[in-house]
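Colleague: My structure is below; once you've seen it, I'll send some questions.
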Amino acid sequence: MGLPKGAYRALEDALGRTNVCDDPSVTAGYSYMWLMYATHEQSGRCRPAAVALPGSTEDIQTIIKIANRYGFSYIPVGTNLFPPNIPTRQDTIIIDPKRMNRILEIDEKNMYAVVEPYVTYAQLQAETMKKGLTIGVCEGGAQCSVLANNMFQGMAGPGHKFGINRGVLGCDWVLPNGEFLKIGSRANANGDWFWGDCAGLNLKGLLRADTGHCGGLGMVTTMAVKLFPYPCPKTFPVKGTNPDFKTDFPQDRFKVNLIKFTSREKIIDAMYEIGHEELAIAVHEEPASMILCGESPSVEYFWEKWPDFKKKWVNVLSVTLFGFSSPRQVAYEQLVLDKIVEETGGEYITEDSELWEYANCNLGEQFRTGGSNRLYRIAGDFFVMGGFGFDSLDHSLKSSQEFMWPIIRDGIEKGHFAPDDVGNDWLNSYQMGHFSETEPLIYFEHNVEAGKSFIGGYVQTIQEALKRKMSPSWPLGPMTYITGPTMCNYHDLVNKIKEAIDPRLTSNPGYPLPPPPPQG
């Protein structure tokens with residue numbers, strides 16, 4: 001089953017023949033997604049019936065109205081990185097906004113930018129840096145859509161200073177019935193883009209909640225995002241050639257400290273104190289595997305160095321100082337950090353040491369994430385084993401130690417994951433230590449058994465967290481039925497919202513969550 005009779009012709013008439021395609025050689029490319037390929041039986045996936053390339057908000061409204069008229073479904077995408085982008089029904093089209101790749105405005109005074117869905121972090125950051133501004137780039141990489149990532153989670157390397165899930169300002173939103181809605185300050189009469197809330201009913205929570213609706217409630221066509229000061233070179237200061245890139249920020253404005261501790265508990269103590277003193281722009285516990293991946297030019301290099309490196313890189317905290325106001329800010333924060341390190345028993349890794357050389361290529365990751373792509377190098381695929389554990393720093397550490405790593409070790413013993421007997425995470429501080437997340441990285445090959453082990457383990461981490469009355473990981477799609485009953489039955493509310501504004505289930509069926517499972 002493909003599109004209903006007449007539907008494809010209607011899309012051609014609306015968009016032009018060159019902006020709609022159902023050629024199998026094209027649609028096949030939209031049915032592949034790296035994580036989906038490894039973790040799901042292929043029988044559950046479908047090639048989209050067609051791909052539509054809108055050029056404007058009006059085009060998107062037209063596509064959605066045609067979908068409602070003819071009764072087929074659609075999935076709006078950004079830069080196409082995530083599993084919810086893959087169709088599970090044969091009557092589905094992909095709305096790919098790659099023609100909508102314009103930065104519409106950069107407001108230097110009020111520090112925001114207005115972007116269309118296909119604008120990437122690298123694209124936006126390159127333009128904002130010319131004006132003395134920057135944006136926190138998501139950990140998925142600078143190739144990701146700014147709009148899509150801010151709707152999904154809004155995490156970024158400098159989240160310790162910039163915060164998390166705070167980047168969304170005014171938005172233009174096409175609902176699943178094709179109606180046009182402005183939210184935030186855009187909703188006010190003659191409103192501008194500067195504010196994510198508004199005077200009156202605030203719909204930003206409905207738009208994105210904790211993890212966004214994954215295209216299940218229509219499509220955001222334009223978004224304003226928050227920018228931050230950047231008193232550094234107008235072009236990204238990078239040296240070297242691929243794959244040996246290194247950043248070269250002004251040393252009087254940018255200082256990375258690598259600090260070893262005797263235990264992860266000591267790392268947490270230091271992170272709390274750094275937050276209390278309001279120091280730094282980025283504060284991360286850096287896992288050995290991620291650091292070595294970033295420095296490795298090949299998979300052979302990684303596995304050759306790994307046995308020795310994992311013994312040396314243990315309990316390392318990365319603290320990045322940034323002089324927004326002046327070089328004196330960096331000097332002051334360094335003095336305070338020195339005192340905290342002394343009191344918590346830490347030891348600096350000096351710039352003349354071997355470990356510093358390994359980490360050198362990762363030092364610019366706080367501003368433009370690129371090394372995450374190298375994490376595929378170890379085994380072919382990687383992800384986080386039910387990680388995140390969003391809550392306090394103590395909560396994140398406890399989640400990792402009590403149930404995340406035991407599940408990972410079980411997968412390693414079964415041969416599903418690459419061996420890792422170190423067990424440290426990428427643990428991040430957000431909002432000056434008031435919020436945190438942990439990411440226990442796992443690596444696996446492209447095979448269904450490993451994928452099942454990963455998905456089963458992810459669900460198990462959610463269940464284990466709820467048993468302990470702890471905050472669970474992201475419960476996307478059907479996993480929401482596990483978390484909902486313990487959290488005020490919010491899944492019932494989400495189902496009612498979906499039914500009210502998308503009764504035909506045309507907008508990415510199955511998201512934000514699938515219809516309720518049968519009772520009994």
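Colleague: Looking at PHE417, PHE388, PHE383, which one is under 14 Å from SER453 (Cβ atoms), touching a Phe, Trp or Tyr at 6+ places or on another chain (Cβ under 9 Å) and in contact (Cβ under 8 Å) with a residue 60 or more places away in the chain?
Modeller: PHE383
Colleague: For region 409-423, give me each residue that is in a helix (DSSP H, G or I), within 25 Å of LYS312 (Cβ to Cβ) and either touching a Gly at 6+ places or on another chain (Cβ under 7 Å) or at pLDDT below 90 (or both).
Modeller: Across region 409-423, there are no qualifying residues.
Colleague: Further, regarding this structure: Looking only at region 85-129, count every residue that is surrounded by 16 or more Cβ atoms within 10 Å (Cβ to Cβ), part of a loop (DSSP other than H, G, I, E, B) and not charged (D, E, K, R) and tell me the total.
Modeller: 9
Colleague: Restricting to region 229-242, what's the tally of residues that are crowded, with 18+ Cβ neighbours inside 10 Å and either touching a Gly at 6+ places or on another chain (Cβ under 7 Å) or of a type in the set (D, E, K, R) (or both)?
Modeller: Looking only at that region, the number is 1.
Colleague: Of ASP172, ASP210, which residue is surrounded by fewer than 17 Cβ atoms within 10 Å (Cβ to Cβ), under 26 Å from the mean Cα position of the chain (by Cα) and not in a helix (DSSP H, G or I)? Please lay out each step first, then the result.
Modeller: Values: ASP172 fails: surrounded by fewer than 17 Cβ atoms within 10 Å (Cβ to Cβ).
Of ASP172, ASP210, the one residue that is surrounded by fewer than 17 Cβ atoms within 10 Å (Cβ to Cβ), under 26 Å from the mean Cα position of the chain (by Cα) and not in a helix (DSSP H, G or I) is ASP210.
Colleague: Would you mind telling me which numbered condition in (1) under 22 Å from the mean Cα position of the chain (by Cα); (2) in a helix (DSSP H, G or I); (3) assigned by TED's automatic domain parsing to the domain that holds VAL299; (4) not hydroxyl-bearing (Ser, Thr, Tyr) PRO478 fails?
Modeller: Of everything listed in (1) under 22 Å from the mean Cα position of the chain (by Cα); (2) in a helix (DSSP H, G or I); (3) assigned by TED's automatic domain parsing to the domain that holds VAL299; (4) not hydroxyl-bearing (Ser, Thr, Tyr), PRO478 misses just condition (3).
Colleague: Right, here's the next one. Does VAL114 qualify as being within 19 Å of the chain's Cα centre (by Cα), at negative phi and either assigned by TED's automatic domain parsing to the domain that holds MET219 or not acidic (Asp, Glu) (or both)?
Modeller: No: the conditions fail for VAL114.
Colleague: Further question on the same structure: Any chance region 375-393 includes a residue that's surrounded by fewer than 22 Cβ atoms within 10 Å (Cβ to Cβ) and among the acidic types (Asp, Glu)?
Modeller: Looking for residues that are surrounded by fewer than 22 Cβ atoms within 10 Å (Cβ to Cβ) and among the acidic types (Asp, Glu), one finds at least one in region 375-393, hence yes.
Colleague: List the number of the failed condition for VAL448; all other conditions in (1) outside the structural domain of PRO419 (by TED's automatic domain parsing); (2) exposed (fewer than 15 other Cβ atoms within 10 Å of the Cβ) hold.
Modeller: Tallying (1) outside the structural domain of PRO419 (by TED's automatic domain parsing); (2) exposed (fewer than 15 other Cβ atoms within 10 Å of the Cβ), VAL448 fails exactly one: (1).
Colleague: Follow-up question, since we're still on this one. Scan THR320, THR262 and give me the residue that is under 22 Å from CYS138 (Cα atoms) and of a type in the set (Ser, Thr, Tyr).
Modeller: Result of the check over THR320, THR262: THR320.
Conditions (1) surrounded by 17 or more Cβ atoms within 10 Å (Cβ to Cβ); (2) in contact with a strand residue (DSSP E or B) (Cβ under 7 Å, 6 or more places away or on another chain); (3) in contact (Cβ under 8 Å) with a residue 40 or more places away in the chain, marked per residue:
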residue	(1), (2), (3)
TRP193	yes, yes, yes
GLY196	yes, yes, no
THR221	yes, yes, yes
ASP252	no, no, yes
LYS266	yes, no, yes
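Colleague: Looking at THR461, THR506, which is the one that is touching a residue at least 40 places away in the same chain (Cβ under 8 Å), closer than 20 Å to PHE417 by Cβ and out of contact with any Cys (no Cβ under 7 Å at 6 or more places or on another chain)?
Modeller: Residue meeting the stated conditions: THR461.
The values are calculated or read from the model by the stated rules, or taken from the named source; none is laboratory data. Computed from a predicted structure; not experimentally measured. Backbone-built Cβ (ideal geometry, glycine too); neighbour counts: all protein chains shown.
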